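Just so it is clear, none of the values below were taken in a lab; they were calculated from the coordinates. All of these numbers come straight from a predicted model, not from anything done at the bench. Glycine gets a Cβ as well: all are built from the backbone with ideal geometry, and neighbour counts include every protein chain shown.
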Amino acid sequence: MAHLITGRLLRFTADPFAAPPEACATFDAHGAVLVEGGTIRAAGPVDEIARLAPGATRDHMGDALLLPGFVDAHMHYPQTGMIASWGKRLIDWLETYTFPEEARFADPAYARQQAALTLDLALANGTTTLASFCTIHPGSVEALFEAAEARGMAVVAGKTCMDRNAPDALRDTAQSAHDDSARLLADWHRRGRAVYAITPRFTPTSTPDQLEALGALWAEHPDCPMQTHLSEQIDELAWVRALHPGAADYLSTYEAHGLVGPGALFGHAIHLTARERARLAESGAAVVHCPTSNTFIGSGLFDAARTRADGIRAGLATDTGGGSSFSMLRTMAAAYEIGQLAGTALHPAQLLWLATEGSARALRMEDRIGTLAPGSMADLVALDLASVPAIAQRTERAGNIWEALFPTIMMGDDRAIRAVWVAGVKRAGSGRDRTLENAAALSTLPRAP
Ligand code: GUN
Ligand code: ZN
């Protein structure tokens with residue numbers, strides 16, 4: 001059955017970091033997306049698109065802006081419960097807040113509860129795909145993939161591997177990390193929309209033996225992504241140097257074990273050497289900018305414009321719970337603010353591209369998500385560009401679509417999410433009500449010990 005969604009429409013035609021940003025998108029003031037069998041059949045001016053399927057059912061979104069659903073390319077669903085924890089920096093933040101919370105995921109019921117909560121928060125914020133770290137417990141991966149399957153979402157996830165510098169309850173071994181990851185990969189990778197990511201947490205918490213075992217697993221399954229962290233905070237760099245005194249730099253500790261190449265996703269990547277930049281560009285690896293996390297944990301200023309100019313793939317992400325918001329709108333705003341501090345005012349086209357197609361490209365999933373191209377899955381968001389009075393009064397003065405969009409990027413939140421479709425099925429909308437509903441439902445669940 002064909003379904004027509006009408007509204008204003010913005011589609012990228014080119015990479016706004018590679019050409020003048022305003023010229024990289026087509027805007028239809030009266031547009032439509034035609035959905036059939038969960039995929040996009042066509043998108044464009046409503047008159048043209050409506051003719052393709054005269055009998056289609058319809059959703060009129062008025063002057064809401066129809067976009068691909070947001071793609072959050074790096075986050076930690078097990079950290080939802082401790083987001084916004086005060087006063088620490090990366091290493092003591094991990095020890096004080098993160099590891100105790102992640103230990104709770106030994107309980108599969110708690111994992112299922114947090115997986116459902118996180119995906120509902122993501123949808124309420126217009127995020128239709130996320131790439132998440134789980135915990136060392138295989139059940140934490142199963143819980144997230146099951147919750148994603150129930151919602152029809154394309155989720156990237158993997159067992160977080162750690163065999164040193166972590167509490168006993170959160171340590172695996174090189175062998176068990178390999179074997180558990182291999183089994184989860186066999187069970188889940190490409191089952192429906194699930195994508196398994198091989199996931200060493202970062203160099204300080206994996207022995208060279210563990211990195212080697214995971215590098216060997218990746219070599220057997222090169223179509224899986226590999227996600228980890230790189231050069232986030234200065235103290236972390238010093239720790240990596242102390243653990244690997246002979247290494248040329250941080251990236252080389254991954255390279256030594258076959259963990260740099262197409263499909264690699266390096267969260268943060270703020271403090272890079274020239275060699276690391278060149279190597280990231282030539283290898284086809286991607287870096288993921290996590291701006292609310294970088295300010296919240298005090299990590300530093302990622303230079304997005306320079307990263308793209310260096311030819312490095314880049315995506316955008318919340319990094320919750322190091323990040324302080326589930327909203328990719330808030331994340332784009334933080335990217336803009338960090339861009340200003342780093343010396344470049346990112347154009348709204350660049351911010352929006354990073355949050356959709358750029359993240360999809362980082363995940364190497366741009367043939368399925370992150371665009372409105374025919375054949376892509378119908379993961380969509382309808383954005384209200386006048387969601388609250390403060391934004392509405394500003395949008396009224398806008399002279400073009402970018403001026404109309406920018407106040408929502410800077411000041412918008414889940415109230416701007418008028419509707420969300422996952423594979424053509426409406427899953428959320430009027431974010432605020434939906435979030436409250438979910439919170440109410442959650443309060444009836446038993447608490448984990
Ligand atoms: N580096 C290693 N683990 C983490 C994590 O959980 N969050 C962040 N922000 N950085 C990390
Ligand atoms: Zn992270």
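Dividing the convex hull volume of the alpha carbon atoms of the range 317-373 by its residue count gives 91 Å³ per residue.
Quick one: which of 263-272, 171-180 comes out on top by average Cβ neighbours within 10 Å, and what's the full order, highest first? Walk me through the numbers before you get to the answer.
On the way: 263-272: 25.2, 171-180: 18.3.
Listed from highest to lowest mean packing, they are 263-272, 171-180.
May I ask you to work out the translational diffusion coefficient for the range 311-435 at 10 °C, viscosity 1.306 mPa s, via Stokes-Einstein with Rh from the Kirkwood sum over Cα pairs, reported in whole µm²/s? Once the numbers are plugged in, D ends up at 103 µm²/s. The orientation-averaged projection of the convex hull spanning the C-alpha atoms of the range 165-223 amounts to 4.2 square nanometres. Residues whose amide H lies under 5 Å from that of T39, counting only those 5 or more places away or on a different chain, are A378; hydrogens are built 1.01 Å from N in the peptide plane.
Its relative contact order, with pairs defined as Cα atoms under 8 Å and 6+ residues apart, puts the chain at 19 percent.
Provide the gained length on full extension for the span D168 to D367, in nm with one decimal, where the gain is 0.36 nm per separating residue minus the Cα-Cα distance. Could the numbers behind the result be given before it?
Working: separation 199, 0.36 × 199 = 71.64 nm, distance 4.13 nm.
So the chain would gain 67.5 nm between D168 and D367.
Whole-Hz Karplus values for the range 343-349 come out as x, 9, 7, 5, 6, x, 5 Hz, taken residue by residue from phi with 6.51 cos²θ - 1.76 cosθ + 1.60 and θ = phi - 60°; glycine and proline positions read x.
What base-10 log of the normalised intensity I(q)/I(0) is obtained for the chain from the Debye formula, alpha carbons as equal point scatterers, at q = 0.08, 0.09, 0.13 Å⁻¹? The Cα Debye sum returns log10 ratios of -0.42, -0.53, -1.13.
All C-alpha pair distances within the range 259-343, sorted into 10 Å bins from zero, spread as 19, 52, 27, 2 percent across the bins. The spacing between the range 283-302 and the range 338-376, judged by their C-alpha centroids, is 15 Å.
For the range 132-279, what is the Kirkwood estimate of the hydrodynamic radius, computed as the reciprocal of the mean inverse distance between distinct Cα atoms, to one decimal in Å? Can you show the working numbers first?
Details: mean 1/r = 0.0646 Å⁻¹.
So the Kirkwood estimate lands at 15.5 Å.
Quick one: order L217, L144, L67 by neighbouring beta-carbon count within 10 Å, fewest to most. Each step should come with its number before you reach the end.
On the way: L217 19, L144 30, L67 24.
Result, fewest neighbours first: L217, L67, L144.
Roughly how tilted is helix 138-151, in degrees to the nearest 10 and between 0 and 90, from the longest Cα axis of the chain? Relative to the chain, helix 138-151 is tipped by roughly 10 degrees. Computed extension length for E95-E146: 15.5 nm, one decimal, from 0.36 nm per residue of separation with the Cα-Cα distance subtracted. Amide H contacts for G31 (H built 1.01 Å from N in the peptide plane; partners 5 or more residues away or on another chain; cut-off under 5 Å): G7, R8, L9, V46.
Here the 3J(HN,Hα) profile of the range 192-197, calculated from phi with Karplus coefficients 6.51, -1.76 and 1.60 at θ = phi - 60°, is x, 9, 5, 10, 8, 10 Hz, Gly and Pro shown as x.
Taking the longest Cα principal axis of the chain as reference, the axis of helix 274-283 is set at about 60 degrees.
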